[in-house]
């Protein structure tokens, strides 16, 4: 069972470029790639890129490579590599051949660096990083040439060999491309293309102590793999000039082209890798897969489905215009999916006991409930009913006005899929809080209205106290309480203190042992929930994926 995603092929400026290239014979087959850096978990912004790159490959009968940009071993880990593979597969995509790594090409990249040195287009610079930063200039002032810029080719060859051999410390020197220090584009002012880094690499071990920079590595890796359309976000727009410069100045046949699209900005969250790392390392969240995180792993643990994420990416589209997408759009996608596909069940999150005094003691019965009110194909389930049941505390009031359609003293309400009951009296604890409601039931109202024509408008959910299972409920909400936390002086000050509430309640018997295909239930009148990995046989843990409706819209109004 899956979400009914919009089945028409989307169109956007990138697909229009591809259509034109194919029509003009520029390419006879389309090859894309998804190039994540394995220094963290993927987030919803990466999901947009995944859907774009893999979606184009699917629609044009082409191929898409998964290539890890693993040029900074000090911040990378095989755990991130494995999580990225899992996320891509979970989203429903398969990459072409084996997963690739930029490190697969380290020998070739090193050779191309030597080629640039041989052509007088690269030099080893011993300037301290701070000095290099000062000489780089500003957006309004040109940069200044390094005193090492005119070092002869032979010396540069020798020094780069010494760098490669590990004879220099980190930060002591670097290899820079020799382009134009007066360029209006900062990325063209003799960028660093290799630096010394004495770090163990998760793929190449201790073979290297010099590592190429992303801007040097990325374009060459694309060319080696025969990528036709290299798609990246707008922050790399200026870097396209460096991308093209490198390809034009090395001996390689393939000349891929880079195209940029706007990155995803999503309300009430942050998508900066640096900020996400901070949230994890400072323990503002429980980890990368915390259900409040915008990571793919977090969304999955929260109960989002692959179809809902793909549909969201389709709805927001692909443009060159930066904008802030409303969180409600993402939440609407999962609501649409689960409303159609999630079976219904009953759970009581904040329980008080209801005792039916005229129900036979030591007796119970099996009732039948539909698993989905609008889909008979989902069938029915058996639910037990007895003298004592649990109901939500908020579903009872000792007195209330006519707008309150739930249980009130001396008033009637229907128990979902069961009988009509009338509240008669209550029992309270020492703090005055109601703990038990005593009522009577009309035995002739199972599946029908009272015989005397009484109209009972309210319906509440319940679980049988004799068979229900104790459960923990984690009510997740938006991690931040402002739409754009990144704009705050300290984004962590905007963390929503109510982003997680933990409740202890009850669910239908054996519910946790029957996880539905869609992975979630709609707990009637409460929200959509999925079973968390922290669950045990004795205590299932349910995560709230999303509420039945957008409560933030009311707050905004």
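Read-outs throughout are calculated quantities, based only on the coordinates presented, and are distinct from any laboratory measurement. Bear in mind the structure is a predicted one, so any value in this text is a computation, not a measurement. In this analysis, Cβ positions are derived from the backbone assuming ideal geometry, glycine residues included, and neighbour counts consider all displayed protein chains.
If you bin the C-alpha pair distances of the stretch 201-262 every 5 Å from 0, what whole percents do you get?
Pair shares across the bins are 4, 17, 26, 21, 13, 13, 5, 0.
Given labels modelled 7 Å from the Cα in the Cβ direction, how far is it in nm from residue 286 to residue 197?
Going by the 7 Å Cα→Cβ label model, 3.2 nm.
Please report the relative contact order for the stretch 470-556, taking Cα pairs under 8 Å with a sequence separation of at least 6, and give it as a percent rounded to a whole number.
33
Fewest first, what order do 462, 208 take by the number of other Cβ atoms within 10 Å?
The most exposed by this proxy come first: 208, 462.
Can you tell me which of 507-516, 277-286 comes out highest on packing, and rank the rest after it, using the mean Cβ neighbours within 10 Å?
507-516, 277-286
Measure of size requested: the Rg and Dmax of the stretch 426-557, with Cα atoms as the atom set and Å as the unit; please supply both.
19.7, 65
Could I get the Rg over Rh figure for the stretch 1-100? Both from C-alpha atoms, Rh via Kirkwood, rounded to two places.
1.01
So how tilted is helix 306-316 from the main axis of the chain? Cα-based, degrees 0 to 90, rounded to 10.
The angle comes out at about 70 degrees.
Can you give me the relative contact order of the stretch 285-423 as a percent, contacts being Cα pairs under 8 Å and 6 or more apart?
Result for the stretch 285-423 is 15 percent.
Rg and Dmax of the stretch 106-214, Cα atoms, in Å?
Every Cα atom of the stretch 106-214 included, Rg and Dmax give 13.9, 43 Å.
Label residue 416 and residue 272 with points 7 Å out from Cα along Cα→Cβ: what is the distance between them in nm?
So the two model labels end up 4.3 nm from each other.
Nearest 5 percent is fine: what portion of the DSSP beta bridges confined to the chain is antiparallel?
Taking every DSSP beta bridge with both residues in the chain, the antiparallel ones total about 65 percent.
Just to confirm the number: angle between the C-alpha axis of helix 106-118 and the first principal axis of the chain, 0 to 90 degrees, nearest 10?
With rounding to tens, the tilt is 40 degrees.
Any chance you could check the Cα centroid distance between the stretch 26-93 and the stretch 353-414 for me, in angstrom?
49
How many angstrom lie between the Cα centre of the stretch 497-557 and the Cα centre of the stretch 430-462?
Answer, in whole Å: 25.
Using Cα pairs under 8 angstrom and six or more residues apart, how large is the relative contact order of the chain, in percent?
Averaging sequence separation for qualifying contacts and normalising by length gives 12 percent for the chain.
If packing is taken as the average number of other Cβ atoms within 10 Å across a peptide's residues, how do 351-357, 160-166, 99-105, 21-27 rank, most packed first?
99-105, 351-357, 160-166, 21-27
Pulled fully out, how much extra length does the chain show between residue 11 and residue 235, if you take 0.36 nm times their separation in residues and subtract their Cα-Cα distance?
Net length gain for the segment: 78.4 nm.
At 0.36 nm per residue, and after removing the present C-alpha to C-alpha distance, how many nm does the segment from residue 169 to residue 496 gain when stretched out fully?
Extra length from residue 169 to residue 496 when fully extended: 113.3 nm.
How far apart, in nm, are the 7 Å Cα→Cβ label points at residue 350 and residue 376?
Calculated label separation equals 3.9 nm.
Nearest 10 degrees is fine. How inclined is helix 78-90 to the longest principal axis of the chain, computing both from alpha carbons?
60
Can you figure out the FRET efficiency of residue 400 with residue 487, using R₀ = 51 Å and their beta-carbon distance, to the nearest 0.05?
Plugging the Cβ-Cβ distance into 1/(1 + (r/R0)^6) gives 0.75.
Using the C-alpha atoms of the chain, what convex hull volume per residue, in cubic angstrom, is computed?
Per-residue hull volume (Cα only) is 191 Å³.
Applying a 10 Å radius around every beta-carbon, put 475-481, 398-404 in order of their mean neighbour count, most first.
Result, highest mean first: 475-481, 398-404.
Expected output is a single nm value to one decimal: the length gained when fully extending between residue 89 and residue 244, i.e. 0.36 nm times separation in residues minus the C-alpha distance. What is it?
Here the answer is 52.6 nm.
When the helices in the chain are scored as -39500 (n - 2.57) per DSSP H run of 4 or longer and the sum is shared across all residues, what 222 nm value do you end up with, to the nearest 500 deg cm²/dmol?
The per-residue figure over the chain is -7500 deg cm²/dmol.
For the stretch 345-465, divide the Cα radius of gyration by the Kirkwood radius and give the resulting Rg/Rh value with two decimals.
Result for the stretch 345-465 is an Rg/Rh of 0.96.
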